[in-house]
Structure formats: structure tokens, C-alpha cells
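Here the structure is laid out as C-alpha cells; the discussion comes afterwards.
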Amino acid sequence: MTDTAPTADMPEPGPLPEGRLSGRQAFADLVRQAFETAAREGWPRIVLCDADFADWPLGDRDVVASLNAWSTRGRSLQLLAREYGVLRQLHPRFVQWRVTWSHLVEAQACPAATVEELPSLLWSPVWTLQRLDTVRCTMVASRSAERRVALQEQLQQWWLKGTPAFPASTLGL
């Protein structure tokens, strides 16, 4: 059993940042921090959208541990991508987590979308992280309700264009 109370050696994590940020390491760190926060605060829903999730730290032990802590009845994770081949190759821990928690996960693919069209973002009911430029890794983090609603509407439009994908298991002979 681990003690999760803050100690002098392990301070309480700070709030998720807001504003313009840049850098691949900053992006990866913010994704990790978002999943830690989701587990701690009990976010009911998380939506991840990216062309292929190649730059996301989804397979990191810390991310999967945070997802395990977050996973409980009533939670949902939605994934939206052009395709999931890269995610399967680069993030096997996440793929296994997805199998274990398949009842919490929905995934859609939009193969007709271009890399530039499909947004790269993490959405939650309290905080969003959107990469504006995936090459330079510039992003905006926000708690703004207006931004959350606008991004949610954008995600919903893409979700409706997608088709079910990234199954937890494949059936066949």
C-alpha cells in the first residue's frame, strides 16, 4: 500500500497551467500531469484527439498508473484519431490498459481527415490542452468554459464523421 498524502519530499502537485506553452517535453509533461490530476480530482470524462498519438506519452508507466487510478465506474475515455496503427506500435502499455478497461473506452477513426484538419487536444470538463502546431509543438492550456464548449463542439463534429475503431479485441477465425 502506498501513501498518497503529500510529504516534505513529495509536495502536493500544483494546478494545471493555463496560457500559451511550447515544446515537446512540455507537451508530454502536461499530458502526464493532466492524467494525474484526472485521477486525483475524479474527472468523469476525458477526450483525446490526435492524428495518430505518436507524440503522446500514453505508454509511459506513470500515465498508465494514473489511468488505472482514474478508472472507475461512471468514467469514460473517448479517443479520436485518423488511425490507430502508430498508437498500437508505440504505446503497448496503453493498448493493454485499453483491453482491461474496454468498458470505459470508445474510439472512433476519421481516416479521411488530414493531419492538419484533425485537432490535437486533450479535453476534460474542467481543463483543455490544444496543440495549435504539432510540428513546433505550440499549445494552449485553458480552464475557460467558452474554450471548453467550443472545443467540445469541434470534437463532436469530428466524432460524428468517424467510425468505430481501435477495438479492445479482434474477433476472427
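Filter the range 109-138 down to the residues that are within 17 Å of residue 55 (Cβ to Cβ) and in contact with a Gly (Cβ under 6 Å, 6 or more places away or on another chain) and list them by number.
137
Consider residue 124 carefully, then state whether it is in contact with a Phe, Trp or Tyr (Cβ under 6 Å, 6 or more places away or on another chain), in contact (Cβ under 8 Å) with a residue 12 or more places away in the chain, small (Gly, Ala, Ser) and buried (at least 19 other Cβ atoms within 10 Å of the Cβ).
Judged against the criteria, residue 124 is a match.
Taking only pairs six or more apart or across chains, which ones have beta-carbon atoms under 6 Å, a first residue in the range 149-173 that is within 18 Å of residue 81 (Cα to Cα) and modelled with pLDDT of 95 or more, and a second residue that is among the basic types (Lys, Arg) and not in a helix (DSSP H, G or I)?
If the second residue must be among the basic types (Lys, Arg) and not in a helix (DSSP H, G or I), no pairs are left.
Only residues that are in a strand (DSSP E or B) and either within 24 Å of residue 40 (Cα to Cα) or in contact with a Leu (Cβ under 8 Å, 6 or more places away or on another chain) (or both): list them for the range 127-136, please.
Selection gives 128, 129, 130, 131.
Restricted to the range 95-126, and to residues that are assigned to a helix (DSSP H, G or I) and in contact with a Lys or Arg (Cβ under 8 Å, 6 or more places away or on another chain), which residue is nearest to residue 59 (Cα to Cα)?
The qualifying residue nearest to residue 59 (Cα to Cα) is 95.
Looking at the structure I just gave you, is residue 65 assigned to a loop (DSSP other than H, G, I, E, B), over 17 Å from residue 123 (Cα atoms) and at pLDDT 95 or above?
No, not satisfied.
Scan 132, 118, 90 and give me the residue that is among the aliphatic types (A, V, I, L, M) and in contact with a helix residue (DSSP H, G or I) (Cβ under 9 Å, 6 or more places away or on another chain).
Result of the check over 132, 118, 90: 118.
Determine whether the range 96-105 contains at least one residue that is loosely packed, with under 15 Cβ neighbours inside 10 Å, under 21 Å from residue 27 (Cα atoms) and either within 15 Å of the chain's Cα centre (by Cα) or touching a residue at least 60 places away in the same chain (Cβ under 8 Å) (or both).
Within the range 96-105 (the criterion being loosely packed, with under 15 Cβ neighbours inside 10 Å, under 21 Å from residue 27 (Cα atoms) and either within 15 Å of the chain's Cα centre (by Cα) or touching a residue at least 60 places away in the same chain (Cβ under 8 Å) (or both)), the answer is no, since none of the residues qualifies.
The values are calculated or read from the model by the stated rules, or taken from the named source; none is laboratory data. Treat the numbers as computed from the prediction; the structure is a model and nothing was measured. Here Cβ is always computed from backbone atoms with ideal geometry, including for glycine, and neighbour counts include all displayed protein chains.
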